[in-house]
Amino acid sequence: MTDDALLKLWGKTDPNDPDAFHPLLYHMLDVAAVCEALLHRFPPPDPLSLQWVAYLASLHDIGKADPLFQGKVPELVEPLRDLGLDIPPSPDPFRHEARSAEWVMRHLMQSYGWNRRSAGVVSLALHGHHGDFASPGNAEEQTHPARFAQWHALRDALAAALFALLVPPPLRFDQFEDASVAGVRLSGVIVLADWIASNEELFHYRALAMEAPSPAHYLAAARVEAARVVGRLQLGTARPAPPETPPLSFPAIWPHLPDRRPTQRALEDVCLTNLPPPGLAIIEAPMGEGKTEAAIYLAEHWRRATGRDGAYIALPTAATSNQMHDRYAAFIAERHPAAARPRLVHGMAWLLDDDSPLAPPNLDADEEDAAEQARSLDWFRPTKRALLAPEGVGTIDQALMAALHVRHGFLRLLGLGSKVLIVDEVHAYDAYMTTILERLLAWCRALGTPVILLSATLSHAQKQRLAHAYAGSAPLPPAADVHDPYPLLTFVSPEGDARMAPVRGTDALRRRLRIQCHRGLLHDPDATARLVAVQVSAGGCACVLANTVNTAQAIYRALLRMRDSDPEFKDTLRDCELLLFHARFRAERRQDVERQVVDLFGSNARKEGKPTRPRRAILVATQVVEQSLDVDFDVMVSDLAPVDLLLQRSGRLHRHERGIRPTGSDPVLHVLLPDAGSYDFGNTGRIYQPEPLLRTLALLAAYPEFHLPAHFRPLIEGCYGEAPLPDGVVDPACLARAAADHQQALAREASLARQHLIPEPNPRAFRLTETGARPVDEADEGEAADYFHARTRLGDRTRAALALHDPDLVDVTRADYPPERALLRRLFLQKVDIPAWWLNGLLDAEGREPDFTGPKWLRHHLVIPMTDWEWRGLHQASDGHRRPVILRDDPALGLLRIAEGETNGDL
């Protein structure tokens, strides 16, 4: 069949102008060209060459050379019938990717002698190029037997034309070395190439087609265009391999650090004398010990050893990733000046950058392709692209999604497969997330992705599970020993060999942390406010760390009242900087507060252009300052929490060298407890399991002072392990009931997580689903809202909302397509996460503008139109009674829900 005849088959159309179609052959060449450009960063699986992968990618849409597909656009049918092709007048529902998979499987076996297992890997990768590996297909003979030979010959002609243009070299092989790895790499690069080649705002395929006199000329132009677009998206050229040099010293990689911490010196010694093979590393060291810099140092060595071209640093929360992004970006700019700036990956990071396409006004006439184009736009945003770009910093949920059965989750595996993965604060993840992390570690081992886990407070049981998940065996001893050295470096090879390196010279780390417990103050905001005011009466900077937003707001309100009207504290608080920091501010305000907190209490407070540290200040905050934020306080007041989190919080006490402190030379952690003899933990018991809270009560009685780092092991194992507890503090029967409930809760969470996991990697078979269930589309910010919720320790589920005060912005959210970028950024700076229960039974009030769910381009955010900083509605109780409810955006307090007579279940 001639090229002219093949060019009458359509691959892409415009529903508003069906005659302006893009030929199927050209679209297949587009995908091949983009695939070639991507393969410089994402190497093809052995033994396939770049040309072979490009050829296989081009075949992804060969199922469109079928009467049931070509008949979808009636205006384009007659030219095909003129060629003698039989096309039914009313096409039935048809999945072209299933036809592609079926045909390519047979083609590879019959034409090139591939065995069924290897051909099946490619077939499944093509079947899943719309993200669904379980979509149904119909055998060709059953759907239109009389036309089978005619259209099969047409597909043969298409494949021959593509083979002649792309020229794959001769290939002889029995099977892929690892079917899982081959399947992920093929699936990922094919989907990514198809998305780029299908987005006309990025890839100008219509203009190329108008100027190309032949398919060969078209391919040459498409290759130039592909290189341009892939480069623009920073998905192309890998970082050049470093020259063969001896291992680098710590100062060579971190030249500006004033001095090395003991953990950093220990890791340097390991890397310079006997570098462990790339695999799993676990760095256990106290807060402020420079674990992140140590991890990046090890990552530099492992990426040199493996050819990985970047790293992804995963953290528990958006606030922690914001600050880490700035630190890592500065490192990359100095260490690798030619490298792309690291991408930031979390909710607010998805504000579109200049390289991200907006939704095109016209989508493809094929409904499945149109839906796929809409979904693909999300992957061009920085939130997702950071997982594919060489360097990324963001939240852990973005990495965990790689191990869940969500649409296009394999793209995350593709991205992580080219990096070193660093997971900070690994102790902070609950049983649900840890179960997912364990499956991700198994895939990292299969993909050859080195992993570095960081923690100050990891229990032996947690460490054992994580090491087992990576190695596929149990490389660590089963029993915990509270006398194990601490800090400690643990290395686990992909083969399961374990090596431990204790950190020596820790005298400089020795620290005495005084603990002062206050019975009856847990969730007593007025008493807590008085307590912290007393602590700063002589000056100093204090942090009050509350477990819930509601408690933090109440304490802050109490401080404001005391400043205005309490004669005992008016003078103390009048010249005291009062701040409130939690996650329920609009993004714009939250960013301002976060910046202010870091400027006032961070290590840069004395630097030029930064505000000086206040003489007296009180920050009331939630867990947003618990992890990774580099801030320092003179004194801290904390709600009761499991002892590992109390240790984490204490890491923000006397963190920086500041000389004489107005609150004294010894750091003091004030812990708020329930009444004596009471085990009523209130809302704290909704966030943390009662068992670790009860164990912490006993440990606090036994340890009036924490001698660190010596007490790290006994405290952690006493809270989460089997270390003995002091008698007479906690009722044994109460503790036994709490322990049983805790184990049941852990089992439920792990079981729930396992329902949504992709299968374990299997070198003999590529599978991304075991049940045949359809994948779930990712919802807001890369999370499937009703399917997977990346819970940190913040408790209840939330709903992403836009609290809009400007009527013009409300009008923007009603449009079918997104606005220009500057307006879109402005819109999403109004984002706030609210508790999902706030919306239960919520009704519109007559005469008030109702709330509504935004269109698809808004990722279904809830839009809350506000008048005078409020939205007013009604709450309908289960008994049918209605009462007024107000959602108020308070500039000082954040978003509030106010309802008459309501018992506040808020966190």
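A short reminder: the numbers here are calculations on the coordinates, not readings from a lab. Not measured: the values here are computed from a predicted model. Cβ coordinates were reconstructed from backbone atoms using ideal geometry, including for glycine residues, and neighbour counts include every protein chain displayed.
Here are the numbers for this structure:
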{"read-out": "Net dipole in debye of segment 796-899 [+1 Lys, Arg Cβ; -1 Asp, Glu Cβ; about Cα centre; nearest 20]", "value": "360"}
{"read-out": "Antiparallel bridge percentage (DSSP; both residues within segment 796-899; nearest 5)", "value": "85"}
{"read-out": "Inter-probe distance in nm under a simple model that places probes 7 Å from Cα toward Cβ, at Ala216 and Asp592", "value": "6.4"}
{"read-out": "DSSP beta bridges in segment 511-687 [antiparallel fraction, %, rounded to 5]", "value": "5"}
{"read-out": "In nm, spacing of pseudo-spin labels at Ser565 and Arg117 (7 Å Cα→C-beta vector)", "value": "7.8"}
{"read-out": "Whole-angstrom gap from segment 621-664 to segment 253-322, using each part's C-alpha centre", "value": "23"}
{"read-out": "Per-residue Cβ neighbour rank within 10 angstrom, fewest leading, Val812, Val624, Val73, Val189", "value": "Val73, Val812, Val624, Val189"}
{"read-out": "Computed P(r) (all Cα pairs; segment 796-899; 5 Å bins; percent)", "value": "3, 12, 23, 25, 19, 12, 5, 1, 1, 0"}
{"read-out": "Distribution of pairwise C-alpha distances over segment 511-687, 10 Å bins, in %", "value": "10, 40, 39, 11, 1, 0"}
{"read-out": "Segment 3-232 shape via C-alpha gyration tensor axes, a/c threshold 1.5", "value": "oblate"}
{"read-out": "Whole-Å distance, taken between Cα centres, linking segment 814-857 and segment 534-565", "value": "32"}
{"read-out": "Residue order, fewest to most surrounding Cβ atoms within 10 angstrom, among Ser180, Ser878", "value": "Ser878, Ser180"}
{"read-out": "Interchain or long-range residues, amide H under 5 Å from Leu171's placed H", "value": "none"}
{"read-out": "Cα-centred dipole magnitude for segment 815-867, charges only on beta-carbon of K, R (+1) and D, E (-1), debye, nearest 20", "value": "360"}
{"read-out": "Among Thr490, Ala474, Thr506 the positive-end extreme of the charge dipole of segment 467-520 (Cβ point charges)", "value": "Thr506"}
{"read-out": "Cα centre as origin, Lys/Arg/Asp/Glu Cβ charges: segment 418-537 dipole, Debye", "value": "300"}
{"read-out": "Full-extension gain in nm, Asp890 to Thr273, via 0.36 nm per residue minus C-alpha separation", "value": "216.4 nm"}
{"read-out": "Exposure proxy ranking, count of Cβ atoms within 10 Å, fewest first, for Tyr297, Tyr556", "value": "Tyr297, Tyr556"}
{"read-out": "More than 18 angstrom apart: percent of Cα pairs within segment 620-767", "value": "65"}
